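Everything below concerns the one structure shown next.
The values are calculated or read from the model by the stated rules, or taken from the named source; none is laboratory data. As the structure is a prediction and not an experimental result, all values here were calculated from the model. Here the Cβ is made from the backbone with ideal geometry for all residues, glycine too, and neighbour counts use every protein chain on show.
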Amino acid sequence: MQEDYQLQLSQPSSNEIAPFSTEQVNALQSFQKALSAKPKKVITEQIGGQTFQHIPIGVVENLLKRYFFGLFKIEIVEHKMIVNEICCHVRIHVFHPILRQWMFYDGISAVPVQQDAGTKVHQFMETKKKDALHKNLPAAYAFAVKNAAKKIGTIFGADLNRKHEDGYVPFNTNGEALNQ
């Protein structure tokens, strides 16, 4: 015998506490709108015949300080060598000023370790530049931090190098999109 199951949705009764007040929703939307602004400091570079844009790591760190009032932490989850590349996984912890809770965003990167020109990957240990890890590990870290920060919002470079930009559209307290 087959029974029919129905999903029943209920609206909170007037005596239940709604998850956010109108003031909190407005504050969240203002904060999200600020995070969705276009970045002001963008560098355009050409590498290997390709043009790409990025935000310098110092700017990203300053934006984290500004928007999260210094309440952030960058954790190196893992870094390791894979053949001739250094891979880095970081986690940015931020204290959300409106929600008043800690959140985190992960980022990853891989940077080739410099070795003598014209050498093969299997010769890596003999041909690695002496100061390569001194340069390449911090580069992998910086790329991973910028990768994690992009997930926070457009101001951190989320829409750079994308063909399609999807701007933030705020909602009113009834959940309907507002026209901008």
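Just a few scattered comments:
- The listed residue being of a type in the set (Phe, Trp, Tyr), closer than 28 Å to ARG100 by Cβ and modelled with pLDDT under 80, out of PHE31, PHE20, PHE69: PHE20
- Only residues that are over 31 Å from the mean Cα position of the chain (by Cα) and either more than 19 Å from ALA140 (Cβ to Cβ) or surrounded by 13 or more Cβ atoms within 10 Å (Cβ to Cβ) (or both) were counted across segment 106-124, and they come to 8.
- Selection status of MET103, surrounded by fewer than 16 Cβ atoms within 10 Å (Cβ to Cβ), aliphatic (A, V, I, L, M) and free of Cβ contacts under 8 Å to residues at least 12 places away in the same chain: yes
- Cβ pairs under 6 Å, 6+ apart, first in segment 60-74 and touching a residue at least 60 places away in the same chain (Cβ under 8 Å), second in a strand (DSSP E or B): LEU64/PHE72; ILE74/VAL90; ILE74/ILE92
- Out of ALA132, ALA142, sole residue that is within 16 Å of the chain's Cα centre (by Cα) and in contact (Cβ under 8 Å) with a residue 12 or more places away in the chain: ALA142
- Only residues that are at pLDDT below 95 and of a type in the set (A, V, I, L, M, F, W, C) were counted in segment 51-66, giving 1.
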